[in-house]
1. Report, ordered by chain and residue number, the lysines lying within cross-link reach of Lys90, taken as a straight Cα distance under 18 Å and ignoring same-chain residues fewer than 8 apart.
2. Obtain the nm distance between the two label points defined at Asp93 and Glu43 by a simple spin-label model: each point lies 7 Å from its Cα along the Cα-to-C-beta direction.
3. Once amide H atoms are placed 1.01 Å from N in the peptide plane, what residues at a sequence separation of 5 or more from Asp147, or on another chain, have their amide H within under 5 Å of its amide H?
4. Can you compute the modelled spin-label distance between Ala86 and Phe106, with each label point 7 Å from Cα toward Cβ, in nm?
5. Please list, or write none, the aspartates and glutamates whose alpha carbon is within less than 13 Å of the alpha carbon of Lys76, excluding same-chain residues fewer than 8 places away.
6. Please work out how much length the chain gains when fully extended from Arg52 to Arg157, using 0.36 nm per residue of separation minus the C-alpha to C-alpha distance, in nm with one decimal.
7. If each of His75 and Arg127 carries a label point 7 Å out from its Cα toward its Cβ, how far apart are those two points in nm?
8. Ranked from highest to lowest mean number of other Cβ atoms within 10 Å per residue, what is the order of the peptides 130-139, 116-125?
Amino acid sequence: MIQPSASNLLAGALALVAAAALAQPPAPPPTAPSKGDVVPAFESLSIPGPPRKVDFPEGSKTVLLFFQSGCPHCHKMIPEWNRAYARRPKGLDVVGVILDQEPPGFWSTISVAFPVVRSPGREFLRRLNVNRVPLAVRVVEGGKIADLAVGEADPIRLGQIFMP
């Protein structure tokens, strides 16, 4: 039987240590969509009202505002979104997407100026990587994401999302 030398053992151990140091841990899943991702057209219930189809035809520009009724950061953004919605350029469609079931009295205590639909479901959100709110997403024709703001955004940043 051949006995490995101390230098061979040391070299092997160093090679294992180097390989472990170079190995990268798996990347965490994205917490938000990315520019260039595609949002598929969807239909969901309007609040209040009948189902609404949200699609992205040629030449369209849409801002999707994802929020939850119990999110304090969303509560801070809704007045900012309301102001941006009031100043939106002609031809820009704006749709809020509520991700949770709001508590009784939510709509009478929180003033929301823009139209809102219910989330089409967990699978839709999972495919888009919508894992954090508030989230403002600018979508152009074909559903392509042109820009987005994750978390609280200042009025200048919102102006970029709501641009003509």
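We did not get these values from a lab; they are worked out from the coordinates using the rules stated. From a predicted model like this one, the values you see are computed outputs, not experimental measurements. In this analysis, Cβ positions are derived from the backbone assuming ideal geometry, glycine residues included, and neighbour counts consider all displayed protein chains.
1. Answer for Lys90, where 18 Å is the Cα cut-off: Lys61, listed by chain and number.
2. Here the modelled spin labels are 1.4 nm apart.
3. Counting only residues 5 or more places away or on other chains, the set is Arg138.
4. 2.4 nm
5. Glu152, Asp154
6. Details: separation 105, 0.36 × 105 = 37.80 nm, distance 2.79 nm.
My answer for the length gained is 35.0 nm.
7. It works out to 3.4 nm between the two label points.
8. Numbers: 130-139: 21.4, 116-125: 15.2.
So the order, starting with the most tightly packed, is 130-139, 116-125.
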